[in-house]
Amino acid sequence: MSKEKVLIETEFEDSTEEKEMFRVKITRYSSDVVYGDAVEVEIRHPEENFIEVYDPAEFPEQFYSDLDFRGWSFVLAEIKERL
């Protein structure tokens with residue numbers, strides 16, 4: 001039986017003058033027919049989206065590393081504060 005748990009669902013303004021919103025949803029799946037055991041991260045923004053699926057053993061370290069690699073230090077700080 002597939003189970004899912006929303007770990008975080010939030011939104012916050014970006015750090016630019018346009019004040020666009022980041023919408024973040026992180027979901028943990030267990031025994032899902034598509035994902036198996038996984039953590040799905042969706043970060044929506046008008047300029048660029050980030051959608052990734054992680055092995056639970058690699059989350060959140062790999063996720064943090066991926067955000068840092070993209071130069072999304074502002075997003076990383078906001079999510080770390082909420083997660």
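Taking the stretch 10-39 as the range and being farther than 17 Å from residue 53 by Cβ, in a strand (DSSP E or B) and not hydrophobic (A, V, I, L, M, F, W, C) as the test, the residues that pass are 10, 11, 13, 23. Evaluated against (1) surrounded by 13 or more Cβ atoms within 10 Å (Cβ to Cβ); (2) on the phi > 0 side of the Ramachandran plot, residue 31 falls short on exactly one condition, (1).
Go through the stretch 23-47 and count every residue that is over 13 Å from the mean Cα position of the chain (by Cα) and charged (D, E, K, R).
Taking the stretch 23-47 and keeping what is over 13 Å from the mean Cα position of the chain (by Cα), we get 29-37, 46-47.
Imposing the further condition that a residue be charged (D, E, K, R) reduces the set to 32, 37, 47.
The qualifying residues number 3.
Among the residues in the stretch 54-65, are any crowded, with 17+ Cβ neighbours inside 10 Å, within 14 Å of the chain's Cα centre (by Cα) and part of a helix (DSSP H, G or I)? There is at least one residue in the stretch 54-65 that is crowded, with 17+ Cβ neighbours inside 10 Å, within 14 Å of the chain's Cα centre (by Cα) and part of a helix (DSSP H, G or I). Only residues that are among the aliphatic types (A, V, I, L, M) and under 14 Å from residue 58 (Cα atoms) were counted in the stretch 27-43, giving 3.
Out of all the residues in the stretch 5-14, is one or more modelled with pLDDT under 90 and in contact with a Phe, Trp or Tyr (Cβ under 7 Å, 6 or more places away or on another chain)?
Residues of the stretch 5-14 that are modelled with pLDDT under 90, as a first pass: 14.
Okay, now just the ones that are also in contact with a Phe, Trp or Tyr (Cβ under 7 Å, 6 or more places away or on another chain), so 14.
Checked against the condition, which is being modelled with pLDDT under 90 and in contact with a Phe, Trp or Tyr (Cβ under 7 Å, 6 or more places away or on another chain), the stretch 5-14 yields at least one hit.
When 26, 43, 51 are checked against the criterion of being among the aliphatic types (A, V, I, L, M) and loosely packed, with under 13 Cβ neighbours inside 10 Å, 51 stands alone in meeting it.
Residue 58 meets the conditions (1) out of contact with any Lys or Arg (no Cβ under 9 Å at 6 or more places or on another chain); (2) of a type in the set (Asp, Glu); (3) farther than 18 Å from residue 83 by Cβ in every case but one. The failed one is (3). Is the stretch 67-82 home to any residue that is over 15 Å from residue 10 (Cα atoms), among the small types (Gly, Ala, Ser), part of a helix (DSSP H, G or I) and modelled with pLDDT of 95 or more? No, the conditions are met nowhere in the stretch 67-82.
The values are calculated or read from the model by the stated rules, or taken from the named source; none is laboratory data. These figures come from a predicted structure and were not determined experimentally. Neighbour counts are summed over all protein chains in view; Cβ atoms, including those assigned to glycine, are modelled from backbone coordinates with ideal geometry.
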